Amino acid sequence: MSLNCLVYVSLANQEMSDEHLKSLLKKAREKNASLNITGMLLFRDGFFMQALEGDPDDVNNLFSTIAKDARHRDVILVYNKPIKDRGFPDWTMGFNKIDDQSLEAIDGYTEFLKTPTSEFFANRDNEAEALLNQFKHQLFF
Ligand SMILES: Cc1cc2nc3c(=O)[nH]c(=O)nc-3n(C[C@H](O)[C@H](O)[C@H](O)COP(=O)(O)O)c2cc1C
């Protein structure tokens, strides 16, 4: 069975309260469970980064749906590549909210979720992956 991991970044279109985020995640987790999709969503001050992993067709289809969602815009694909093993096998969609303090604690990442341009993300696959991994052991909700 082949597996892909797709990572994108985007900007929220609306104020995302914890209630908004929880309701988004509730539906996402149900659908992801039915599709055997796992991953991680990070949110920092209006800025999303998400990893989706699973069957390549399912991941691509879900990404097309998510990219059209009116709750965010300026969706930039960071990478979509085959993987051997899932990075987030335990999460139908992990979630963490990141603040300046937690970003500053990781060397070199202060600007990371502040500059959502395709130029910035053009060759930052490894950093994006490392950032998602930093937050996978402790979920916000
Ligand atoms: C930032 C963001 C992340 C999302 N992540 C997921 C996700 O992981 N899985 C999912 O099913 N829907 C996710 N959604 C919601 C989808 O865009 C869509 O509303 C949902 O899949 C239901 O689509 P459907 O009614 O066509 O089945 C996300 C939406 C946003 C704005």
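Accessible area per residue for the chain is 54 Å², calculated with a 1.4 Å probe on protein heavy atoms, without ligands, DNA or RNA.
Relative to the Cα centre, the charge distribution of the chain, modelled as +1 at Lys and Arg Cβ and -1 at Asp and Glu Cβ, gives a dipole magnitude of about 440 debye.
Loop-located GluC sites (Glu not before Pro) in region 1-89 (DSSP state other than H, G, I, E, B) with a sparse environment of at most 13 neighbouring Cβ atoms within 10 Å: 15.
Once the Cα-Cα distance is subtracted from the 0.36 nm per residue extended length, the residue 30 to residue 117 segment shows a gain of 28.3 nm.
Length gained on full extension, residue 83 to residue 67, computed as 0.36 nm times the residue gap minus the Cα-Cα distance: 3.6 nm. State the Cα centre-to-centre distance between region 70-100 and region 1-46 in whole Å. For region 70-100 versus region 1-46, the Cα centre distance is 7 Å.
Considering every pair of different Cα atoms, what Kirkwood radius, in Å, is found for region 3-134?
14.9 Å
At a threshold of 8 angstrom on Cα-Cα distance, excluding pairs fewer than six apart, so keeping six or more, what relative contact order does region 3-134 reach in percent? The normalised contact order for region 3-134 reaches 37 percent.
Helices of the chain meeting both criteria, an alpha-carbon length of 27 angstrom or more along the long axis and an average Kyte-Doolittle score not below -0.5, with helices taken as full DSSP H segments, do not occur.
Shown for region 1-116: the carbon plus sulfur share of the solvent-accessible area, taken with all protein chains present and a 1.4 angstrom probe, equals 48%. Applying 1/(1 + (r/R0)^6) with r as the Cβ-Cβ distance of residue 14 and residue 102 and R0 = 22 angstrom yields a FRET efficiency of 0.40.
Estimated from helices alone, the mean residue ellipticity of the chain at 222 nm is -10000 deg cm²/dmol (sum of -39500 (n - 2.57) over DSSP H runs with n ≥ 4, per residue). Annotation note: trypsin sites (Lys or Arg not before Pro) in region 81-111 located in DSSP loop regions with a Cβ neighbour count of at most 16 within 10 Å are 84.
The values are calculated or read from the model by the stated rules, or taken from the named source; none is laboratory data. Computed from a predicted model, the values in this text were never measured in an experiment. Virtual Cβ from ideal backbone geometry, glycine too; neighbours counted across all protein chains shown. The protein model used for the area step is the full one, side chains on, heavy atoms only, and it has no ligands, DNA or RNA in it. Shrake-Rupley method; radii C 1.70, N 1.55, O 1.52, S 1.80 Å.
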